[in-house]
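Reading through the structure tokens given below for one structure.
The values are calculated or read from the model by the stated rules, or taken from the named source; none is laboratory data. Worth saying up front: this structure is predicted, and the values here are computed from it rather than measured. Because the Cβ atoms are built from the backbone with ideal geometry, glycine has one as well, and the counts that use them run over all protein chains shown.
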Amino acid sequence: CLECAKSFNHISNLYRHRRVHSGEKPHKCLECGKSFSCSSSLNKHQRIHRGEKHHKCLECGKSFSQKSSLYTHQRIHTGEKPFQCLECGKSFRHGNSFYRHR
């Protein structure tokens, strides 16, 4: 990549990566209009509209359409709070709660 010097094994990966710099998002959800830079992100997003929830919490049985949502949910069971305020020391389970705190 001429912008950040990152290297790729396949030219198609370079083309996909360059969208990071250009902001191009050619893959649009026909359901809600949200756009994505790569088709795999669009496919993951469309699970929300289809109600597909393939990622199940083994602790409580709740299911999620995104693996990242399951990981965030599991913090309820583990007590993990990875976002810590360096000024007051308070910790947060979710990044958005931490950013609101600041």
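Across region 76-90, a minimum of one residue is classified as of a type in the set (Phe, Trp, Tyr) and in contact with a strand residue (DSSP E or B) (Cβ under 8 Å, 6 or more places away or on another chain). Pairing residues of region 63-79 that are under 18 Å from Arg50 (Cα atoms) with residues that are surrounded by 14 or more Cβ atoms within 10 Å (Cβ to Cβ) and aliphatic (A, V, I, L, M), at Cβ distances under 9 Å and at least 6 apart in sequence or on separate chains, gives Ser63/Leu70; Phe64/Leu70; Ser65/Ile48; Gln66/Ile48.
Of all residues in region 36-73, which are under 16 Å from Pro26 (Cβ atoms) and in a loop (DSSP other than H, G, I, E, B)? Matches in region 36-73: Ser37, Cys38. The set of residues from region 1-35 being under 23 Å from Lys67 (Cβ atoms), touching a Ser or Thr at 6+ places or on another chain (Cβ under 8 Å) and in a loop (DSSP other than H, G, I, E, B) comprises Lys25, Cys29. The requirement of being small (Gly, Ala, Ser) and either under 18 Å from the mean Cα position of the chain (by Cα) or surrounded by 13 or more Cβ atoms within 10 Å (Cβ to Cβ) (or both) is satisfied by Ser68. Phe98 meets each of the listed conditions (1) more than 15 Å from the chain's Cα centre (by Cα); (2) of a type outside the set (Gly, Ala, Ser); (3) within 27 Å of His17 (Cα to Cα) apart from (3).
Please go through region 71-102 and give me each residue that is aromatic (Phe, Trp, Tyr) and either farther than 23 Å from Arg47 by Cβ or surrounded by fewer than 12 Cβ atoms within 10 Å (Cβ to Cβ) (or both), ordered by number. Passing the criteria: Phe83, Phe92, Phe98, Tyr99.
Checked against the criteria, Phe64 counts as of a type in the set (Phe, Trp, Tyr) and in contact with a Leu (Cβ under 9 Å, 6 or more places away or on another chain). When the residues of region 39-55 are narrowed to those that are modelled with pLDDT of 90 or more and surrounded by 14 or more Cβ atoms within 10 Å (Cβ to Cβ), which ends up nearest to Asn13 (Cα to Cα)? Looking at residues that are modelled with pLDDT of 90 or more and surrounded by 14 or more Cβ atoms within 10 Å (Cβ to Cβ), I get Ser41. The residues in region 16-38 that are at negative phi, without any contact (Cβ under 8 Å) to a residue 12 or more places away in the chain and surrounded by fewer than 12 Cβ atoms within 10 Å (Cβ to Cβ) can be counted, and the count is 3.
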